[in-house]
Amino acid sequence: MMKRLVIAFCVVTFLTLATISGIGPHKVAAQKQDERWMDVNYQFAPNRILVKFGSTIMPDHARNIIAALGARDAEEIPGTGVHILELPDQATEHVALHAFQARPEVDFAELDRLVKPDDVIPNDPWYVDQWHLTKISGPTAWSTTTGSASVIIAILDTGVDGAHPDLSQKMVAGWNVYNNNSDSSDIGGHGTKVAGTAAAISNNANGVASVAWACKIMPVRVSDSTGYALFSDMAKGLTWAADHGARVANLSYTASDSSTVKSAASYFQSKGGVVAVSAGNDSTFSSAADNPYTLTVSATDNNDLLATFSNTGNNVDLAAPGIMIQTTAKGGGYQSVAGTSFSAPIVAGVAALVMSANASLSPAQVQDILKQSADDLGNAGWDASYGWGRVNAGRAVALAGGGVVDNTPPQISFASPADGAALAGIITIGVSANDNVGVASVSLTIDGVALGTDSSSPYAFTWDTTTATNGWHTVIAVASDAMGNSSSSAITVLVSNSAPPVDTTAPTVTISSPAEGGKVSGNASVYVDASDNLGVTRNELYVDGALVASSTTAPFTTKWNTAKAKTGKHVLQCKAFDAAGNAGLSPIVNVYK
């Protein structure tokens, strides 16, 4: 029987359950308010978290951890190593999330969020001239290539209206991830607009033109009937599209900072593809680190200014037009739309043109070509509003064509410390790097664990060696240029710090309630007084010698469901642990049911 994850000392207030018609198997609960740092406007799948274990963790070990923390492994997303874990009905998602995040075996754990499509309902008058195609130098690009039918763009969205006259000849077989069937028809209209922006049929004297005229469209429905989509379904859609021949994928959802989507995008890239993701339309700044496996796109207007609704942040790679975009609409019509939902497929279309112009390019090279060829806006170089600039299809195709690609990696070496040096305390590691075009970044790892990244010379990193064990350690520096070329240099150093005292003091713990000889019934709370010289990290409750509950949050109250316990006397005892693994046992308390 699965261990129950019992959480005490938390007052949980539920928001109203989100009502979503046609939600099927994906019930969606409104955000619980027990975490003040969470955005209450976010929604997530109830009784579920997404977890990925480290690459060295064996499956049996992972299963033991999952069971010990009271969860059930419902499914593993192919190609990502991400587990979809189901929680007991009485569990609190955020507490379970923290429990997994605290385990050293876990790479990441996150809620399976439900994300709205990044669309803005415009109030602008109809704009019949497709200004955005001229702005990104589309005609210049088309003089070299209008795309290749062998380059397939996967539209991960609400589905696509495959009968639309400006799309019908472009469609390849897709998939409905949400319902797990082949019906990829558009249930909301959003996906049809996105698809037409990237790759509507062009130069046919009908409707609209697009970025990638000749590239094919693969519809992959990931949303429910309202247009919302879960991280897990986006990830499944990416892996399905990668396995079925897509070279470009578009996600018009705010999903770049999801570790689950990042894992799936990494898989998509490993299959030779490029993923474009919209930055979002909330006029907010994202502090999330850059996702190297996606191109995150902000929106600009016809004056090359950031759209007022567009998100900005550390994860923005490129900008693209995002207002008054005329495109295909569900049912055979056309519509003027706005939002980063339509900036992202413009970038996806340009990526498809670059791949069409030079099929030998790697996904990383395609991404770097789009960044290197963009029109620099805002502050010189990269900035949080425009990324590397507004995408320029003409220059990107020119840079990709004819094999004119920089393949020369940077040169890199350590300035200090010297190889074999003995180190103690806080030290500075200096790195020297240069490139025929320019060094984009230098990153540093200690024994394979990232220490930091520096994007400007002189490249320097601070390392507190007191956080490392005494002995030999490997330090590796990697320099990368804008085209994704990289080289590395390694040294080994000896850390020699004074050893800290070893904690051998066990915690003390006593059961304060129920009292000796007391009576219990229902879901009984067991309160303890626990203390330690450095701090108690976990308390376990044993009933008649069997572990029934644990708590990792002070005051370490646990609960015992007495419903299935026999009538009569029972023996209670608690065990408290500290961070060093020392354990202390409480005196036995006899109770009666």
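Residue count for the range 197-227 satisfying the condition of being within 17 Å of D129 (Cα to Cα), among the hydroxyl-bearing types (S, T, Y) and not in a loop (DSSP other than H, G, I, E, B): 1. For residues in the range 560-582 being exposed (fewer than 10 other Cβ atoms within 10 Å of the Cβ) and more than 16 Å from G522 (Cβ to Cβ), which is nearest to the chain's Cα centre (by Cα)? So, considering only residues that are exposed (fewer than 10 other Cβ atoms within 10 Å of the Cβ) and more than 16 Å from G522 (Cβ to Cβ), the one nearest to the chain's Cα centre (by Cα) is G581. The conditions of being under 13 Å from the mean Cα position of the chain (by Cα) and in contact (Cβ under 8 Å) with a residue 60 or more places away in the chain are not met by S298. Scanning the range 533-554 for residues that are assigned to a loop (DSSP other than H, G, I, E, B) and in contact (Cβ under 8 Å) with a residue 60 or more places away in the chain yields a total of 3.
Would you check if there is a residue in the range 520-532 being free of Cβ contacts under 8 Å to residues at least 60 places away in the same chain and at positive phi? Within the range 520-532 (the criterion being free of Cβ contacts under 8 Å to residues at least 60 places away in the same chain and at positive phi), the answer is yes, since at least one residue qualifies.
So for the range 133-143 (the condition being at pLDDT below 90, crowded, with 20+ Cβ neighbours inside 10 Å, at negative phi and assigned to a loop (DSSP other than H, G, I, E, B)), does at least one residue qualify? No, that holds for no residue. Selection of the range 84-109 for residues being closer than 15 Å to G54 by Cα and either in contact with an Asp or Glu (Cβ under 7 Å, 6 or more places away or on another chain) or charged (D, E, K, R) (or both) yields R103, E105, D107.
In the range 488-500 there is at least one residue matching the filter, namely being in contact (Cβ under 8 Å) with a residue 60 or more places away in the chain, within 30 Å of L361 (Cβ to Cβ) and surrounded by 11 or more Cβ atoms within 10 Å (Cβ to Cβ). Given the criteria surrounded by fewer than 22 Cβ atoms within 10 Å (Cβ to Cβ), in the same structural domain as P321 (by TED's automatic domain parsing) and either touching a residue at least 60 places away in the same chain (Cβ under 8 Å) or more than 16 Å from W213 (Cα to Cα) (or both), does S373 qualify? No: the conditions fail for S373. If you go through the range 301-317 and keep only what is in contact (Cβ under 8 Å) with a residue 60 or more places away in the chain and either at positive phi or within 18 Å of the chain's Cα centre (by Cα) (or both), you end up with D304, T312, G313, N314, V316, D317. Scan the range 286-332 for residues that are under 18 Å from T197 (Cβ atoms), outside any loop (DSSP other than H, G, I, E, B) and of a type in the set (G, A, S) and the total you get is 4. On the given criteria, is Q365 farther than 30 Å from I187 by Cβ, surrounded by fewer than 24 Cβ atoms within 10 Å (Cβ to Cβ) and of a type outside the set (D, E, K, R)? Taking the combined requirement at face value, the residue satisfies it. One residue stands out in the range 246-261 among those that are buried (at least 24 other Cβ atoms within 10 Å of the Cβ) and free of Cβ contacts under 8 Å to residues at least 60 places away in the same chain: the one that is farthest from F108 (Cα to Cα), namely S256. A235: within 12 Å of the chain's Cα centre (by Cα), without any contact (Cβ under 8 Å) to a residue 40 or more places away in the chain, crowded, with 24+ Cβ neighbours inside 10 Å and not in a loop (DSSP other than H, G, I, E, B), yes or no? No. Would you check which residues across the range 411-451 are of a type in the set (D, E) and either free of Cβ contacts under 8 Å to residues at least 12 places away in the same chain or farther than 13 Å from A477 by Cβ (or both) and list them? Scanning the range 411-451 gives D435, D447.
The values are calculated or read from the model by the stated rules, or taken from the named source; none is laboratory data. What you see is a predicted model; the values in this text were computed from it and never measured. With ideal geometry, Cβ positions are generated from the backbone for all residues, glycine too; neighbour counts draw on all protein chains shown.
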